[in-house]
Amino acid sequence: MARANPVDLDLYERGALVRLAGVDAGYGETTVLAGLEFEARAGEVALVTGPAAAGKTTFTHLLRLALPPRSGRAVILGVDVARAGARALANVKKRIGYVAETPVFIEQWSAFDNIAMPLRLTGRKPRDYVDDVRELVDFVGLGDAADLPIEQLSGAERRRTAIARALAAKPQLILADDPTANMSPADGRRVVRLLSEMRRVGAGVVIASQDESLADISSVAHWRMDRGHLSRVSFARPEEAEAYE
Amino acid sequence: MRNALSGVEHALFWLLAVAAFAAAAVGLGARAADRMAVAYENQRTNYAIVRVIAPDGPEAIAAATTALGAAPLVTSAAPMTAGRAAELLRQWGGGEVAAEDLPDLRLIEVELGPAPAQVDVSGDIVAALAQGGVTAEIIHAPEGAAGGGLATQVRQFALWGAIGFALVMALLVSLAARTLAARRREMVTVMCDLGATRGQAAGRVADEAAILGLYAGLVGGILAAFAGIVVLLLAIPGTTLDALPEMILPIDMLPVALAPVGAAVAAGAGARAAAGYFHAQAARLG
């Protein structure tokens, strides 16, 4: 396992949760992302918008450590991804909450049990986390549906369950890939507000979406992805950063 | 284990149980073959029948028995009763013989210890009897090296055949257990996304498969033991349940004891390998 670079740690301690410098990534022979320069900071929401097939999902795979960078430097939660060993990457993954475009659940389990899964993985006993999970269920507005098996939930309920699960272990970095897909505008806005709330506890939030209007919901650092190239559109408003500090 | 033994898991359980049953049954068969080979070998090399020729009278039989008791290699010597002779004649294909119809036999059954190949056991027995003042002949001599080795071959074949079959069944169990890992693929993917290492994710599925294999092996092993007892009762007329504890040695039950352990290990290993593969797929997309 590679030892953490002091410079990376220093950046991380000063709030840079993600820093990409000249990163390329892709699948097989195909390069999808090219020369990415990106930063996500603690207490900020970064919104990455772009058309379909622009590379947004690949970008979230890169940030959630499912896709290794081919070149450049990717430092996520203080760890240089290219140099870290499997255990170090697994430890970083535990500090990342991920809401997939099509979330995968254990379908026969209840939403409650699925939400509790990250806490069970840390070895906590049900009696220790049951109140926390109930709180999350209320926070995402899942209500009584939490006790139903996942296979019986609607699309919006599944999405809320995915968000609750992503937040369960109190992650430092939250990634959401098209979290408003197939939702009504009202539900979509509510989901983005929920995710944005997490900056108040110091987490960094990265949302990838086709919906440009989400930038109006909350103060976000707005980035645009186009054909694998990322560019900054706007910075987060200072008053939001002050609210965090 | 949530929703245990439903659907595919139920079918998998019985597949593992049948494989464990087959392996244990073949193992028990191999033990039976081994014991029969040992018994045959003992009877062939460690058994003799002596006929007392002179002097006449029951004193000669007693003297011969005493002389044999002092002879090297002889572990026991006992005059053959008419009832015993009738039983042997029946076993050797002589049909029904009434003990009371038999004449005065003047025979002595002798059991022998293991002898080096170059020793003339029959000659030594006759010499020992002569020293005791008894003239006798060997009418059923222990067989020498000629014709020997068959029992050893049978035992080797039984042992390696059973081991080979058990390994094939273990492979079958291992491959079948991969279906459980496939059923748990979504859990492995979720665990991977949540930061579980390959060992954690695969270990969880392997534990579940191992427990399934343990119970299936237990059921298969018990069924094999039950089938073995039934075969024993049917194959050896006159055998009763009360006699079984004396007939069955602890080592005979080894295949039954190994069935749950083997099934658990094979199922766990198969599921672990498959789950590890699924984790690797989920962990790295590029």
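The values are calculated or read from the model by the stated rules, or taken from the named source; none is laboratory data. Note that the structure is a prediction, hence the values are computed from the model and not measured. Cβ atoms come from the backbone with ideal geometry, glycine included; neighbour counts cover every protein chain shown. For the accessible areas, the whole protein counts, side chains as well, though only heavy atoms, and no ligand, DNA or RNA atoms are used. Shrake-Rupley method; radii C 1.70, N 1.55, O 1.52, S 1.80 Å.
Data table
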{"quantity": "Test: residue in the stretch B:53-64 that is hydrophobic (A, V, I, L, M, F, W, C), touching a Ser or Thr at 6+ places or on another chain (Cβ under 6 Å), touching a residue at least 40 places away in the same chain (Cβ under 8 Å) and open to solvent by less than 50 Å² (accessible area, probe 1.4 Å)", "calculated": "yes"}
{"quantity": "Check on B:R272, open to solvent by 70 Å² or more (accessible area, probe 1.4 Å) and within 14 Å of chain A (Cβ to nearest Cβ)", "calculated": "no"}
{"quantity": "Test: B:T240 is of a type in the set (S, T, N, Q) and over 15 Å from B:L16 (Cβ atoms)", "calculated": "yes"}
{"quantity": "One residue from A:A203, A:A162, A:A215, A:A208 being over 18 Å from A:G97 (Cβ atoms) and open to solvent by less than 50 Å² (accessible area, probe 1.4 Å)", "calculated": "A:A215"}
{"quantity": "Criterion: within 30 Å of A:L167 (Cβ to Cβ), among the charged types (D, E, K, R) and modelled with pLDDT of 80 or more - qualifying residue of B:E137, B:E208", "calculated": "B:E208"}
{"quantity": "Selection from the stretch A:111-125 of residues that are surrounded by fewer than 19 Cβ atoms within 10 Å (Cβ to Cβ) and either outside any helix (DSSP H, G or I) or facing chain B (nearest Cβ under 8 Å) (or both)", "calculated": "A:T122, A:G123, A:R124, A:K125"}
{"quantity": "Selection from the stretch A:41-61 of residues that are closer than 19 Å to A:D24 by Cβ and either part of a loop (DSSP other than H, G, I, E, B) or aliphatic (A, V, I, L, M) (or both)", "calculated": "A:V48, A:G50, A:A53, A:A54, A:G55"}
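Residues checked against (1) at the interface with chain B (Cβ under 8 Å from one of its Cβ atoms); (2) within 18 Å of A:W223 (Cα to Cα); (3) open to solvent by less than 20 Å² (accessible area, probe 1.4 Å):
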position: A:T57; (1), (2), (3): no, yes, no
position: A:L62; (1), (2), (3): no, yes, yes
position: A:P69; (1), (2), (3): no, no, no
position: A:V81; (1), (2), (3): no, no, yes
position: A:N91; (1), (2), (3): yes, no, no
position: A:K94; (1), (2), (3): yes, no, no
position: A:F105; (1), (2), (3): yes, no, yes
position: A:Q108; (1), (2), (3): yes, no, no
